[in-house]
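The values are calculated or read from the model by the stated rules, or taken from the named source; none is laboratory data. Computed from a predicted structure; not experimentally measured. Cβ: placed from backbone, ideal geometry, glycine included. Neighbour counts: every protein chain shown.
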Amino acid sequence: MSTHEITITVNGKEHKRTVDSRLHLADFLRQELSLTGTHIGCEHGVCGACTVLVDGASARSCLMLAVQADGRRVETIESVAAPDGALHPIQAALSRHHGLQCGYCTPGVVMTLLELQRECGDTPMTEAEIRRALSGNLCRCTGYQGMVEAALDVLPRAAAGERTKA
Amino acid sequence: MKPSAFTYHAPRTLTEALTLVATLDNARVLAGGQSLMPMMNYRVVQPEHLIDLGRIPELAFVEDTADGLKVGAMTTQRTIERSDVVQKRCPLLIDALFHVGHQQTRNRGTIGGSICHLDPSAELPVTACALDAVLTAASNNGRRKITFADFPAGYLTTSLEPDEILVQIDFGKWPERAGSAFEEYAVRPADFAIVSIATVIALDEGDIVTDARIAAGGIAPVPTRLTNVETMLKGKRVSSALIERAATAAATLPAEGDDMNPAEYRQELAGHLTQRALTKALQRVRASADT
C-alpha cells in the first residue's frame with residue numbers, strides 16, 4: 001500500500017489531498033470532495049454512469065485511480081449547469097424529451113454528450129453517430145430514444161433529409 | 001468493488017520503469033487501465049506493485065517512416081483513430097478501432113495495453129496478426145523484436161519476459177494497390193465480438209491477387225491467421241466466385257466454441273465475415289485504383 005499527495009483541479013477548483021493508491025477517481029470525487037453527482041454503477045467500466053471529463057476527454061472514473069489524475073483537470077456533472085442553477089442546453093433538452101427517468105445514468109450521459117458537442121463544433125451529427133457515442137452509457141429505464149432526440153435537438157443538425165437512421 | 005492494496009509507481013522515464021519491472025516482485029504494468037483496472041476491481045488480479053506507464057511521454061507516438069507505420073505502445077486508441085498518418089499508412093487500424101470499446105475507453109485505452117492483454121475477442125491483436133506486426137520489447141538488457149506470430153503464449157498470455165515492457169509496434173509497409181476491411185459480429189455494437197475478421201488484399205493491374213492477409217479473432221484462444229485461405233487467393237484473378245470459395249474455406253477451419261457460442265456457429269460467422277471483409281476490401285482497392 002502506498003499513499004500519495006495529489007493536486008487535482010475539479011470543476012475549476014484546485015484540491016490537494018493525500019490518498020491511498022487504490023482509491024479510484026469516482027470514490028475520490030464522491031468521498032473526498034462530496035461531489036456525489038458522479039454515480040457509480042458497475043465499477044468495472046461497463047455502465048458509463050461514472051463518466052467524467054479528464055483534461056476534456058471522457059473517462060470512466062471507476063477505471064482511473066485518483067493518483068493518476070494528479071495534476072489533471074477534471075470536470076464533473078456539478079460543473080455543467082450555470083451557477084444560478086439554469087440547466088445547460090443538453091440538460092434542458094434531456095428533460096424536454098424525456099431522456100431520463102430514474103436519473104442514475106444521466107450524469108454520465110450528460111458528460112458524454114458534452115464531449116460530443118465540444119468535439120463536433122459545427123459539424124452536423126447524425127443519429128447513428130449519436131447512438132454510437134451513447135453506446136458507452138447504459139440506461140435501464142427510459143431507453144435511448146429520448147436521449148437521442150435530445151441530442152439531435154441540441155447538436156448541429158444535418159440539413160433536412162440528410163439525417164441517417166442508425 | 002475495490003482493488004486490493006498495492007504500491008503505486010509512476011516512473012517518468014522508460015529506464016526508470018524498466019528498473020522497476022526488473023526489481024519488483026508481483027508487479028503489473030498499467031497502460032490505459034481499461035482491462036487491468038476492471039480485473040483489479042474484481043480482484044482477479046492482485047498485484048503488490050502497480051507500475052503506471054502513463055507519465056512516460058517517450059512511449060506515445062505515431063511515426064511515418066520509410067519502413068512503414070510505427071506506433072508507441074502507450075499511444076491511446078483515440079489518438080490513433082484520429083491520426084491522418086494512420087489513415088493514410090495503415091487504414092485497417094482505423095477500421096478495427098471503430099469496433100473497440102467506447103469513446104470513454106478509447107480515450108484512455110492504449111494500443112500496447114490491448115495487444116499485451118491479448119483478449120481473444122479484441123480487435124487490435126487481430127489487426128496486428130493480419131499485418132505481421134513486429135513488436136519491440138525493452139528491458140534493462142536492451143531491446144528485442146518479436147514478430148506477432150511468436151507473441152502470444154496462450155490465452156491472455158504473451159511471451160514477454162517478466163522484466164520486459166512492450167514499447168513499440170511496427171506495422172510494416174502498406175502494400176501497393178491494396179484494400180483492407182475489418183468486420184465483426186457482436187450481440188450489441190461495441191460489445192465483445194464473437195468472431196472478427198481483419199483482411200488486406202492487394203491486386204496487380206490485371207486483377208491478380210498479389211498479397212492476401214486474413215486474421216480471425218474468436219475462433220481460438222489467440223488470434224489466428226487463415227493461411228490456407230490466403231494461399232487459395234494468392235496468384236488468382238479476383239472475382240466474387242473466388243471470394244465465395246475463400247469464405248467457404250474459412251467456414252470449415254477448426255474453431256473452439258463455448259456454451260454460448262458453439263464452434264459451428266463461430267465457423268459460420270467466420271465464413272460470412274470473411275466474405276463481407278474481402279468484398280469490402282476489394283471495393284476499396286478498386287476505389288483507390290480509380291483515383
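Numbers for the structure displayed
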{"read-out": "Subset tally (residues that are outside any strand (DSSP E or B), of a type outside the set (Val, Ile, Thr), facing chain B (nearest Cβ under 9 Å) and closer than 20 Å to B:Val45 by Cα) for the range A:28-73", "value": "8"}
{"read-out": "Residues (within 21 Å of B:Pro38 (Cα to Cα), surrounded by 21 or more Cβ atoms within 10 Å (Cβ to Cβ) and over 14 Å from the mean Cα position of the chain (by Cα)) located in the range A:64-114", "value": "A:Met64, A:Leu65, A:Ala66, A:Val67, A:Gln68, A:Ala69"}
{"read-out": "Verdict on B:Gly68 being among the small types (Gly, Ala, Ser), within 12 Å of another protein chain (Cβ to nearest Cβ) and within 20 Å of the chain's Cα centre (by Cα)", "value": "no"}
{"read-out": "Candidate set from the range A:43-53 (those that are touching a residue at least 24 places away in the same chain (Cβ under 8 Å) and over 10 Å from the mean Cα position of the chain (by Cα)); member that is farthest from A:Arg140 (Cα to Cα)", "value": "A:Val46"}
{"read-out": "Residue match in the range A:8-17 (condition: part of a strand (DSSP E or B), in contact (Cβ under 8 Å) with a residue 40 or more places away in the chain, buried (at least 20 other Cβ atoms within 10 Å of the Cβ) and more than 10 Å from chain B (Cβ to nearest Cβ))", "value": "yes"}
{"read-out": "Set B:Gly142, B:Gly179: member being without any contact (Cβ under 8 Å) to a residue 12 or more places away in the chain and either closer than 26 Å to B:Val85 by Cα or among the small types (Gly, Ala, Ser) (or both)", "value": "B:Gly142"}
{"read-out": "Qualifying residues in the range B:88-123 (those that are farther than 26 Å from A:Met111 by Cβ and without any contact (Cβ under 8 Å) to a residue 60 or more places away in the chain) - the one surrounded by the fewest Cβ atoms within 10 Å (Cβ to Cβ)", "value": "B:Lys88"}
{"read-out": "Test for B:Ile208: is it modelled with pLDDT of 95 or more, surrounded by fewer than 17 Cβ atoms within 10 Å (Cβ to Cβ) and β-branched (Val, Ile, Thr)", "value": "yes"}
{"read-out": "Failed criterion for B:Thr199 (all others in (1) farther than 19 Å from B:Pro120 by Cβ; (2) in contact with a Ser or Thr (Cβ under 8 Å, 6 or more places away or on another chain); (3) among the hydroxyl-bearing types (Ser, Thr, Tyr) hold)", "value": "(1)"}
{"read-out": "Residue under evaluation B:Thr147, criteria (1) crowded, with 16+ Cβ neighbours inside 10 Å; (2) at pLDDT 95 or above; (3) of a type in the set (S, T, N, Q), criterion not met", "value": "(1)"}
{"read-out": "Failed item in (1) more than 8 Å from chain B (Cβ to nearest Cβ); (2) surrounded by fewer than 18 Cβ atoms within 10 Å (Cβ to Cβ); (3) among the hydroxyl-bearing types (Ser, Thr, Tyr), with A:Ser2 passing the rest", "value": "(1)"}
{"read-out": "Selected residue (only one of B:Thr79, B:Thr7 is buried (at least 17 other Cβ atoms within 10 Å of the Cβ) and within 12 Å of chain A (Cβ to nearest Cβ))", "value": "B:Thr79"}
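Conditions tested, residue by residue: (1) under 17 Å from B:Thr105 (Cβ atoms); (2) part of a strand (DSSP E or B); (3) away from chain A (no Cβ under 14 Å); (4) not polar (S, T, N, Q).
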{"position": "B:Gln34", "(1), (2), (3), (4)": "yes, no, no, no"}
{"position": "B:Met39", "(1), (2), (3), (4)": "yes, no, no, yes"}
{"position": "B:Arg43", "(1), (2), (3), (4)": "no, no, no, yes"}
{"position": "B:Met74", "(1), (2), (3), (4)": "yes, no, no, yes"}
{"position": "B:Gln87", "(1), (2), (3), (4)": "no, no, yes, no"}
